[in-house]
1. Quick one: net charge of A:Lys57's neighbours, Cβ under 10 Å, K/R +1, D/E -1?
2. Test of understanding: in a Gaussian network model of chain A with alpha carbons linked when under 10 Å, which of A:Ser81, A:Ser23, A:Ser71 would top the mean-square fluctuation ranking?
3. Divide the volume of the convex hull of the Cα atoms of the stretch B:274-407 by its number of residues and quote the answer in cubic angstrom per residue.
4. Which order results if B:Met154, B:Met26 are arranged by neighbouring Cβ count within 10 Å, fewest first?
5. Note the full-extension length gain between B:Arg240 and B:Glu288 as 0.36 nm times their separation in residues minus their Cα-Cα distance, in nm to one decimal.
6. Alpha carbons only, please: Rg and Dmax for the stretch B:20-262, in angstrom.
7. Would you list, by chain and number, the lysines whose Cα falls below 19 Å from the Cα of B:Lys142, excluding same-chain residues fewer than 8 positions away?
8. Give the calculated FRET efficiency between A:Ser128 and B:Gln116 to the nearest 0.05, with a Förster radius of 45 Å applied to their Cβ-Cβ distance.
Amino acid sequence: MAYSDKVLDHYENPRNVGKFDDSDQSVGTGMVGAPACGDVMRLQIKVSDAGIIEDAKFKTYGCGSAIASSSLLTEWVKGRSLDEAKEIKNADIAEELALPPVKIHCSVLAEDAIKAAIADIKAKREAS
Amino acid sequence: MSDLKFPIYLDYSSTSPCDPRVAAKMAECLTLEANFGNPASRSHFFGWKAEEAVETARREVASLLNCDPREVVWTSGATESDNLAIKGVAHFHSKKGKHIITSMIEHKAVLDSCRQLEREGFELTYLEPSDTGVITADAVEKAIRPDTILVSLMHVNNEIGVINDIESIGKVTRENKVLFHVDAAQSTGKVVIDLETMQVDLMSLTAHKTYGPKGIGALFVRRKPRVRIVPQIHGGGHERGMRSGTLPTHQIVGMGEAFRLAHEEMEADNRRILSLRTRLLSGLEDMEEVYVNGALDARVAANLNISFNFVEGESLMMALRDLAVSSGSACTSASLEPSYVLRAIGRNDELAHSSLRITIGRFTTEEEIDYAVGKIREAVGKLRELSPLWDMYKDGVDLDQVQWAAH
């Protein structure tokens, strides 16, 4: 299958690979997907008291499109408020990366990941 | 300095290039000056000459299998041969019984032919392989019923390269008066086939995995005891009525030459290819969490099917763009189902998604293998650094205990 230049670029040079300490109160973690399905994404956001995403990291087990979707997502969420980040749609990711129809689920997974990370940080804040 | 050419072809079980000696023979059967005639033309020199070439090729094929040339029926390839054998037997013997035995890890040409027969009212038993990928004669015997008419099993599995004991299974089917069809698409030139000692009734063959051209194959149909089948393609009554259609002289000549070379060079080829596979495996096996899929000792020399845990196969292939290999991961397919063969031998989805099939052939060099080893190690290392599963494994998390949000 032919990959777009953008997918190849993110795959060759993934941005923001890594891991934050999950116990940090300013870190929200979203882990979505399942190994059995061939993709698992872990997206983490570091959020300021004002609710701005200051940093983001990811690790992804999956195909090149899944890796590229999550890498792109970490670039996009940085500097956004939680509400703004929630507005990111899978279609935007799919369009930016020119994903073919069989790879749309990769961008859906990325959208799920940011939603899960936001839900996690909100739950942490409510609990504290 | 290096004379490597990229991409490096390591997918010989998918198809092999024609041997140049094969291509040269084929080129002699195309133009006006050459042997272009219709082998069925009985009235002139062009037909006679073409027929002679076809019959020479038939003898070459028969000689590799140790059978009578009259038992070789030309087809378009193993898929057609599988269809003809399975449906042909089923339709001829449906009054005798409607039960057929096959296995869960057959090629789709067999499985889909069987599915079609199920729609027509036949009953199928799909044998489960052992975790090494083998179907035993014992398992076949236990599955035979009074109404069983056919057992269809592959000689060598296309994904894991594991070899079935055709001789033992043939004894069981013959004793029980059940016909035995073997798909040998992956075994010609790799394993000795002797139809004098193997009690096989029908055998599917193809040229293009044995350095011959695509689009040509054959079905062995035993004469003693005589096997009857219903033809699936009707027309001019070629091939003793079993398969109509003008014989493609150039394709047939190509298959004949390819099988002649296989007969002559199998031993030397196998020795060299095995040493390359050993080199490949020893370059990879000291890595963490690496698993060979299927029995290593009952496998053709050309095949290595290996899983790199916590790395997804398609992204691995993307990192290996200058190697032509295949993967058991099916991320590209709509179903997202990983290899049914690896699942059937008990591999979990993760390991099935993490698999590479590397198949070596006549033209593979040591230098290519060394390059592949280096590339694979580098890619697996890089992708594991990217993998949350690898992180969790390193942190001692039991991945089977994690509640995944399946999607």
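Throughout, read-outs are computed from the coordinates displayed, never taken from laboratory work. On a predicted model such as this, the values are computed, not experimentally measured, just so you know. Reconstructed Cβ throughout: ideal geometry from the backbone, glycine too, with neighbour counts over all protein chains shown.
1. Values: positive: A:Arg15, A:Lys19, A:Arg42, A:Lys46, A:Lys59; negative: A:Asp55.
So the surrounding residues net to +4.
2. Looking only at A:Ser81, A:Ser23, A:Ser71, the biggest GNM fluctuation is shown by A:Ser23.
3. Residue-normalised Cα hull volume stands at 120 Å³.
4. On the way: B:Met154 27, B:Met26 24.
With the fewest neighbours first, B:Met154, B:Met26 line up as B:Met26, B:Met154.
5. Numbers: separation 48, 0.36 × 48 = 17.28 nm, distance 5.67 nm.
Working it through step by step, the gained length comes to 11.6 nm.
6. Over the stretch B:20-262's Cα set, Rg and Dmax evaluate to 17.9, 58 Å.
7. Within the straight-line cut-off, B:Lys142 pairs with B:Lys98, B:Lys171, B:Lys177.
8. Working: r = 62 Å, r/R0 = 1.39.
FRET efficiency, A:Ser128 to B:Gln116: 0.10.
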